[in-house]
Each structure stands twice: as structure tokens, then as C-alpha cells.
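In what follows, a structure is listed as C-alpha cells, so that the remarks can point back to it.
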Amino acid sequence: MEAARATLLIVDDERDMLRLLQRSLEGELECEVKTASSGEEALSLLEEVPAEVALLDMKMGGINGLEVLEIVRREHPWLTVVMMTAHGCVELAVQAIKEGAYDFITKPFDHEAVVWTLRKALERSRLLRENLRLQRRFQQHEAFQDLVGRSPRMRRVYETIQMVAKTDVTVLITGESGTGKDLAARAVHALSDRRERSFVAVNCPAVPESILESELFGYRRGAFTHATRDKKGLFQEAQGGTIFLDEIGDIHTTIQTKLLRVLQEKEIKPLGDTKSIRVDVRAIASTNRNLAEKIRLGEFREDLFYRLNVLSMELPPLRERREDIPLLVSHFLEKHGRGLNRPGKRVSQELMARFSSHPWEGNVRELENAVMRGILFAPDEEIRSEHAGLGDEEPQSPCLVENNVQGLDYRDAKEEVLNRFHQSYFSRLLEETGGNVTRAAKRCGLERQGLQQILRRYGIRADRFRSGS
């Protein structure tokens, strides 16, 4: 496919000069030449027909060349501008270059010098646009580097992320636990105009309800017993950037009411303050809950749901994109092999078959944890099922579940299997990390507060695994 021809815009209030330049340059430079007889006409034309290079006369009726240059540099920063000036006005041309013009030529023209200067300007513009294209591709790669997959479902996710990133409205990301909702939120931020500002993630269930409000909105000194100083809330920390409210379906209705006000009014009121503070923050929320059911039960505000669900995307469970599993395994082998200082590991054919047929109730996070276990426990380069925790002796085995909980009803059986899994998995993890909760959280892919919450729920004490305990 032939590349589109570059466009040169010539701006001069002498119409004979315009016609002469258009005829002589169109053939020489192999580009499309547009003309404008005033600065106002040129700016209007640029809104409709983008150009690569503008040849701009310094002195014109109406707004002059320097004024046009100032507007162009602000509104069309990728346009390369060459100024035309009379021989006695070189000082003005030098001023124009200081203000962003690429070069200047003096009247009367030397034709070969004009062609040479404009050819260089066109090449500069081409290089700038190519650089911009590569920058955008790099930003896209950086944004999507942890969202791995080429399945049709994941391609739709990438397309949706690119679409919503161009807007500034609230986004609701839905999907089961472990599908990568936080990665999608980070990708939206990384591709948005707010990418140079903060991305603040709030794991809503991990923050105790009693302090979630003060964490989100901040407080003033004296607002409560231990408030000895003013504290900024997370909305203020995210000023100009993005706040990610992870698992928002789990927050109490009292906080929901205050969040609704923030999203509607774009202002917060710290605890103990009498005045509201304006905030410029883009909100992204996620949930693995059925919010429609929670609304029906009176556990989630309907008006907040509609405020959050302006634009939405759903991340598919891993069982619905099994064709992505080999790519994900390769990605995790590279990522964690390097991070755990055990590079060069590979997965056996038998284990890859197990990976491809496993139910993956914990989705991508569960697969990542299995690969990490394999890297840690495989004594040689090949990782087999028993190293990744998928051997027949593991609690996930259907035979083990059937033999031990067959006499229980579904809820009790499920709770018993989950309890055994958590006891086994986290006891082993804490044993490997010497009871260090921070290291254990990092190794299993959880936030520290989230891991502590699980340990409390299942009565697992980290201090039992520390030396000397």
C-alpha cells in the first residue's frame, strides 16, 4: 500500500507569490501543496486538513506570521514551520526560531535553497511523526505488558482499554477474582492523559471499615482522639491522576453514600473539616461481586452503581480463554525465573496438559502462583505437576475431595476444602519465608493487608514459623 503524500501549507497574502510557489514546489518535493492567503485562513485550514510543514510569511494583513506561529506551536505542536521574510528583517526571523520555527528563508528567493530547506523540514516532520508512533507503541506495550493473551476475548479487552483511556469518565471493571482487574485499571491510566500523575490503588476490603472513610477523604487535626495532625486522604494523593477503588462491591453503604457525592460533586470533605475541597481525579472501580444482586438485597446503592458504570469492561475467566495459558506460563516463567534467581526453567508436557485442563477457579493469579511454586520446588530445569502443586497428592485432587468430604452438604464441603487448602498453602508459604508476612505476600501475589486478613480468618499465626518461636 502506497504511503500518503505529505502536505505542505504555504501562507502568504500575495496571491501571485502563492501561485508561483505552489506550481514550482509541488513537482520538486512530491508533496501536496495547500495555500492560504491569511493567517486566519491558514489556522482554519489546519483544523480540517493536517499538514506536515507550513511555509509562513512573516508580514501579512490581519494576524502576522509570529502570531500564527505562536498559535500553531500551541495547537499543532507536530507541525514544522519555516518562516519567509524580507532580506532586511533577519532579526525577526531569528526571533521566530527562538519561538519555535524550524528555519527561515529570505526574499527574494533562491529556488534551490527553498527546495533544500523545505525538503529538510519535510524529513524532520516525518521523523517526528515516526517517533510519536513509536512512543505510542511503547506506551501501549508498557501498559499491556502484564496483561497477556491473544485470544479473541483478550483482544476485545485491549480494544476496550484503548477506547476508555481516551476519555476521562468513570470506569467499572468486572470479573472474577484473579482475572487481572488491577492490571486493566493500570493500563487505562497508563494510556490516558493523566499518565504523568499519580495512580493510587485502594484495596477496599483490606482497609477496616472504621478507618476507610478517613483513608479516602483524610482528616483534620482533632477530628478524633488520635488525630494529632492533618492527614491527606487518598483522593487528594491522586490529585490530577487516577484513583482505583478495587473490589468496591464490599464497602459499607455509609461509605457508598459519601463516594457518590465525591463522584457527583468532584469534591471531598475531610473528617473534622467544615469546608469541602475540590478534587480533579479520574475514578476506576472494580468488583467481582454481582452488583445487581447486591442492589436487590439493599447492600449496594443503585445510584452509585449507575455513577460508576458509565463505561464498563469485563475481564474473562481463564477457563474461557484456555488458548492463552501457554503464553501466560511462558510469561510467568520469564518474570519469576528472573525475580527468584532461577532462570531457564521449563514446564513438562504433562504439566502443560494439566495446566490446560485445570479449572482455575482462582484464574490467572492461581496459575501464576502455580508457576512460582514450580520454579521454587523443581530441583532441575523441568517443572512437573508435583512441583507446581498439581500432583495427585494435593488437596485440589478430585479423589481427595471426594474421599474426605463426600458425606457433607455442598456449603460445608466447600468450606472444609477451602480451609484445608488455605492451611496447607499458607503454612507452606510461611515456612519458606520464615514467617515473614511481607515476603510471603510478595511471593504469592497478594497485598500484605490482604494476606494478613486471610491468615486471621483461618487462624494461621505467622510467628509460629519464625526462628526461635
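The values are calculated or read from the model by the stated rules, or taken from the named source; none is laboratory data. The structure displayed is predicted, hence computed values, not measured ones. Counting neighbours? That spans all protein chains shown, and the Cβs are built from the backbone with ideal geometry, glycine included.
Numbers below:
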{"item": "Boolean, VAL72 is in contact with a Leu (Cβ under 6 Å, 6 or more places away or on another chain) and either part of a strand (DSSP E or B) or of a type in the set (D, E, K, R) (or both)", "result": "no"}
{"item": "Unmet requirement for PRO50, which otherwise passes all of (1) under 18 Å from ARG126 (Cβ atoms); (2) assigned to a strand (DSSP E or B); (3) touching a residue at least 40 places away in the same chain (Cβ under 8 Å)", "result": "(2)"}
{"item": "Residue within segment 356-371 that is in contact with a His (Cβ under 7 Å, 6 or more places away or on another chain), surrounded by 18 or more Cβ atoms within 10 Å (Cβ to Cβ), among the aliphatic types (A, V, I, L, M) and not assigned by TED's automatic domain parsing to the domain that holds ALA285 present", "result": "yes"}
{"item": "Test for LEU29: is it within 25 Å of LEU128 (Cα to Cα) and hydrophobic (A, V, I, L, M, F, W, C)", "result": "yes"}
{"item": "Verdict on GLU293 being modelled with pLDDT of 90 or more, more than 30 Å from GLU382 (Cα to Cα) and more than 28 Å from the chain's Cα centre (by Cα)", "result": "yes"}
{"item": "Single residue of LEU304, LEU328, LEU259 found to be within 30 Å of PHE144 (Cα to Cα) and either part of a strand (DSSP E or B) or in the same structural domain as GLN449 (by TED's automatic domain parsing) (or both)", "result": "LEU328"}
{"item": "Residue within segment 4-26 that is crowded, with 21+ Cβ neighbours inside 10 Å, modelled with pLDDT under 85, in contact with a Lys or Arg (Cβ under 9 Å, 6 or more places away or on another chain) and not in a helix (DSSP H, G or I) present", "result": "no"}
{"item": "Selected residue [out of contact with any Ser or Thr (no Cβ under 8 Å at 6 or more places or on another chain) and not small (Gly, Ala, Ser)] from LEU328, LEU263, LEU311, LEU351", "result": "LEU328"}
{"item": "Among the residues listed as VAL94, VAL90, VAL68, VAL49, the single one being modelled with pLDDT of 85 or more and either of a type outside the set (Ser, Thr, Tyr) or in contact with a Phe, Trp or Tyr (Cβ under 7 Å, 6 or more places away or on another chain) (or both)", "result": "VAL68"}
{"item": "Residue, nearest to the chain's Cα centre (by Cα), within segment 430-469, restricted to residues that are among the charged types (D, E, K, R) and farther than 21 Å from ASN203 by Cα", "result": "GLU432"}
{"item": "Residue ID - surrounded by the most Cβ atoms within 10 Å (Cβ to Cβ), chosen from residues in segment 117-153 that are closer than 30 Å to ARG319 by Cα and modelled with pLDDT of 85 or more", "result": "GLY149"}
{"item": "Leading residue by the ranking (surrounded by the most Cβ atoms within 10 Å (Cβ to Cβ)) among those in segment 154-167 that are among the basic types (Lys, Arg) and in a helix (DSSP H, G or I)", "result": "ARG156"}
